[in-house]
Every structure is written in C-alpha cells, then in structure tokens.
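Chemist: Would you mind keeping the following structure in view while I ask a few things?
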Amino acid sequence: MKITANRLSLFDAVKTALRTAGKNANIPEISGVYIRADADAGTITVIGTDVITQIQCRLTNEAVEESGTVVVQPLLSEMLRLLDGDVVRIETDTLSPKMITVSSGNCRYTIPIKDSKAFPVMQIPFPEDTICVQGINGLIRRTVFAAERKADMDRKGLEFIRLSFDGTDTRAQATNGQLGAVSNSPHCSDGKLSMTLHYKALQTLAAIVSPEEELFVGVSGNYAVFMKPDLFFFTMQYTGEYIDSERLLSYMKPQYRATVDGKQLYALADNVSSLFGSGDDPCVNVVIAGDSVIMQTQTATGRSTSSIAATDTAATPAEGFNFNAKLLLDCLKNATGPAVLSFDSRGFLLLEANQSQYFTSPRRPVRIALPAAKPEKKTRKTKKAAKKAA
C-alpha cells in the first residue's frame, strides 16, 4: 500500500473511526483501525469497529499509488496529530511486510501492523428506503443518561434507547427502571422509522456529527444505518424485550405541582446536595409549599435547606417526598426555561421541560449514619501495681 493524503483529513478520519474501536481477546485486531486504499477509485477508507457498531470514513481525491489494506494500532492517531506537514505519506515496508512507514515533513515513523484479513469488515447492504434526519444530537443528549450503564442479562433491554421518527415529530426514550426520559423534537425527519439502539452507539453518533448535518437513515437487515457523503455508520438493533417509558408515564396521575425556572431548580438540588460526604445517605427531600419549592438534606453533621420561587402551585403534604440525590440531579440537569414539577400521590416525580419529560421514583426517608462509638481502652495493671493490690 502507498498513499499520500491530507494529514488533517486523515487524522480526523482515524480519530473518528477509533471512537468505536473495541477490545476482544478473540479479535485483537479491532483495537486498531483498518485502512483500505483503492488505487482505481482513488479512495482511502478508514474503519473502526467493536463488532456491534462500525464506522467507515471515506477520503476522496487523495493520491493512491498502490492499493492495499492494513490494520494499524491506535497510536497512529497521535502520530498524525504531532506531524507538522500538510500531507502525510503511508506505505508498507518492502523489507518488513509487517511494518509501515508514516512520514510527513522531516519526521518519519515505522510502526507494526496487524493482519488485515482478521479484521471483521462488515458488508452491510445499502438500505432500500431512507429518510432524512437532522439534529438528533439534542435528543440523544437529553435521553442517554436514563439508560442503564451496566445491566445484567435479565435487564439487558435497559441499556437501549428507542428512536421513533414519524415525519412531524421525532421521539427518543429510555429508562433504567429507576428513572426515565422521553424527549421530542419537531421537524427532525421527513419520514417514518423506528429503531432501538445501544446507548453507547448513539453517544458515539452524537459525537461525530454536528446538529446542522443532515443524515440519511435507514434499516438494512438487523442494522440501523446512518450516512452522509464521507461517513457510513451502522449499528445492530435491539430486538429483545423493551420497557416503554411512555407507557410508564401513562400510569402517573399528578396531584401536586409547581412551575419553576429549570436552571434554578437544578441549582437548588445541586446546592443542597453539596452537604453529602462519602459515608452519608444521599437523600433529598422535596416539598411544594405556598409559592416555593423547598429542598432539604440531612446528615449526622448538619442540615441543608434552600428554596426557589414557584407559580401555579398545588402543595404537597408537609413531609414532602424523598429522592436519591444522583437520580434527582440526573433528571433536572437538562431542564432549562419554564419547567413543570409534579408528583403523583405515591411521590413519583415528573419534570416537563424543553419538550421532554423526565421521571424518577421516590425512596424511603433519610437514614442518618452515626459515627461508630470508640471501644473503651482496656487498662492493664503493671506487675508492681498487682503486687501492691495483693
């Protein structure tokens, strides 16, 4: 393989592909990037995969003198960043077939390569039908926190986010069983499509495309495919049992409510939560009283209470409701502008803001962890004191 390419363009392609590079003892090659040079087409394709998700970046109008394929370790990204020339040349070493040279300006690297035949390049057929989608980054950001991070096999479906496009409204939803999110975006797509995808794949997608970019989206077999001229992103769909967040919301019948500023509400929760230390029970009590939302926390060393102004209130019972501090902050962190905070009779919390709905379940009251009593020191009589006593 012999190629000469724009250094920054190749760096961006390698960096993007590495976002989905995986670790697998049976396929060590996927820890790096697969580079394919096609002299006939004049293209360079850079691929990264974790087997479930794959990213293919394509560079055109580059100088491809000799076709070939190589798998290069992630260190290539750092090399391309540090080189100072405008163009970079990569070629396999004729004397050492398992090495390539990377050169630019006055600098030259020689690094080992892996067997490209072992790299799982997935050949996904082009979708028969596609829709045009724009600005799904915000939907993903407002939803991804509610997906389970380390679900066991019985809770596998909680790691996924469901995307529903219907032409006039796009919706994303996720829940981990303790909290959930349903986000909407009008005019995000021009067609109908539904897919359930792993939260890590969607986090990666949101990181490599800008909100202004248009993506063509379709389904090919069991894969969801997202495309733009220089990028081909596809990831496996989830087909198992899935908990529908919208269905959970339908069971909530709010009785207590208040309208507040979303940022002020998050700052309120963050402020009272600053009292917690490593051994404390992270419980936040929330009360709606008069024209205020009041939050308070308590530990063995003290109490924190603060409030913000509210309108359109329906007061809660005086004892309020208790929530896990982290789950509460996760629900509130994306709220901006006017936000409606409400509770049903059991204390389930619902927050509506930014065309999104967030909910979490209540918990038992705070349990104060008192410091353990120090054991009394045993006194030992000296031999002289024992003799005198005798």
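Chemist: If you take every residue apart from residue 11 with its C-beta less than 11 Å away from the C-beta of residue 11, what net charge results, scoring Lys and Arg +1 and Asp and Glu -1? Don't jump to the answer; show the numbers that get you there.
Modeler: Numbers: positive: 7, 15, 81; negative: 12, 78.
With Lys, Arg at +1 and Asp, Glu at -1, the neighbours total +1.
Chemist: Among 258, 63, 41, which one shows the highest mean-square fluctuation when the chain is modelled as a Gaussian network with alpha-carbon springs under 10 Å?
Modeler: Judging by the Gaussian network model, the answer is 41.
Chemist: Further, regarding this structure: Shape call for the range 103-237 from the C-alpha gyration tensor, a ≥ b ≥ c root eigenvalues: rounded (a/c under 1.5), prolate (a/b greater than b/c) or oblate?
Modeler: Values: a/c = 1.82, a/b = 1.46, b/c = 1.25.
It is prolate, given that a/c is not under 1.5 and a/b is the larger ratio.
Chemist: Right, something else. If the viscosity is 1.306 mPa s and the temperature 10 °C, what translational diffusion coefficient in µm²/s does Stokes-Einstein give for the range 1-57 when Rh comes from Kirkwood over Cα pairs?
Modeler: Working: Rh = 11.8 Å.
Here the translational diffusion coefficient equals 134 µm²/s.
Chemist: Next up: Over the chain, with every protein chain in place, what whole percent of the accessible area is carbon and sulfur at 1.4 Å, could you tell me?
Modeler: Roughly 50 percent of what the probe reaches on the chain is carbon or sulfur.
Chemist: Using the per-residue mean of other Cβ atoms lying within 10 Å as a proxy for protection, in what order, highest first, do the peptides 310-318, 338-346 fall?
Modeler: 338-346, 310-318
Chemist: Shifting gears a bit: I need the calculated FRET efficiency for the pair residue 95 and residue 73, taking r as the beta carbon distance and R₀ as 22 Å, to the nearest 0.05.
Modeler: Once the sixth-power term is evaluated, E becomes 0.65.
Chemist: Now a separate question. Based only on Cα atoms, what mean projected area does the convex hull of the range 1-157 have, in nm²?
Modeler: With the hull built on Cα positions only, its mean projection is 12.3 nm².
Chemist: Give the separation of the Cα centroids, the range 10-53 to the range 121-169, in Å.
Modeler: What the calculation gives is 22 Å, centre to centre.
Chemist: Separate question: Write down, largest first, the equivalent ellipsoid semi-axes of the chain in whole Å, where each equals the square root of 5 times an eigenvalue of the alpha-carbon gyration tensor.
Modeler: Details: eigenvalues 511, 229, 67 Å².
So the equivalent ellipsoid measures 51, 34, 18 Å along its semi-axes.
Chemist: Same structure again: How large is the Kirkwood hydrodynamic radius of the range 14-102, counting all unique pairs of alpha carbons, in Å?
Modeler: Mean inverse Cα-Cα distance, inverted, gives 13.7 Å.
Chemist: Could you name the aspartates and glutamates whose alpha carbon sits less than 12 Å from that of residue 200, not counting residues in the same chain fewer than 8 places away?
Modeler: Output for residue 200: 50, 148, 159.
Chemist: Using only the alpha-carbon atoms, how far is helix 7-18 inclined from the longest principal axis of the chain? Give it as 0 to 90 degrees, nearest 10.
Modeler: 50 degrees
Chemist: Return the Rg/Rh value of the range 172-244, two decimal places, where both radii are evaluated on C-alpha atoms and Rh is the Kirkwood radius.
Modeler: With Rh from the inverse mean 1/r over Cα pairs, Rg/Rh is 0.95.
Chemist: Given 0.36 nm per residue, what is the gain on full extension from residue 304 to residue 66 after removing their alpha carbon distance, in nm?
Modeler: Working it through step by step, the gained length comes to 78.8 nm.
Chemist: Give, as a single signed number, the net charge of other residues whose beta carbon lies under 13 Å from the beta carbon of residue 101, with Lys and Arg counted +1 and Asp and Glu -1. Let's see the in-between values first.
Modeler: Details: positive: 2, 89, 98, 108; negative: 91, 93.
Neighbour charge sum, excluding residue 101 itself: +2.
Chemist: Can you pull out the GluC sites (Glu not before Pro) in the range 64-166 that DSSP calls coil and that have at most 16 other Cβ atoms within 10 Å?
Modeler: 128
Chemist: Let me ask something else about it. Over the alpha-carbon set of the range 227-335, divide Rg by the Kirkwood Rh and report the Rg/Rh ratio to two decimals. Let's see the in-between values first.
Modeler: Working: Rg = 18.8 Å, Rh = 16.5 Å.
With Rg and the Kirkwood Rh in hand, the quotient comes to 1.14.
Chemist: In Å², and per residue, what accessible area does the chain have when probed at 1.4 Å with the other protein chains present?
Modeler: Accessible area per residue, the chain: 52 Å².
The values are calculated or read from the model by the stated rules, or taken from the named source; none is laboratory data. Predicted model only: the values in this text are computed from it and were never measured. Using ideal geometry, Cβ is built from the backbone for each residue, glycine included, and neighbour counts are taken over all protein chains shown. Keep in mind that these areas ignore ligands, DNA and RNA; they rest on the heavy atoms of the full protein, side chains included. Shrake-Rupley method; radii C 1.70, N 1.55, O 1.52, S 1.80 Å.
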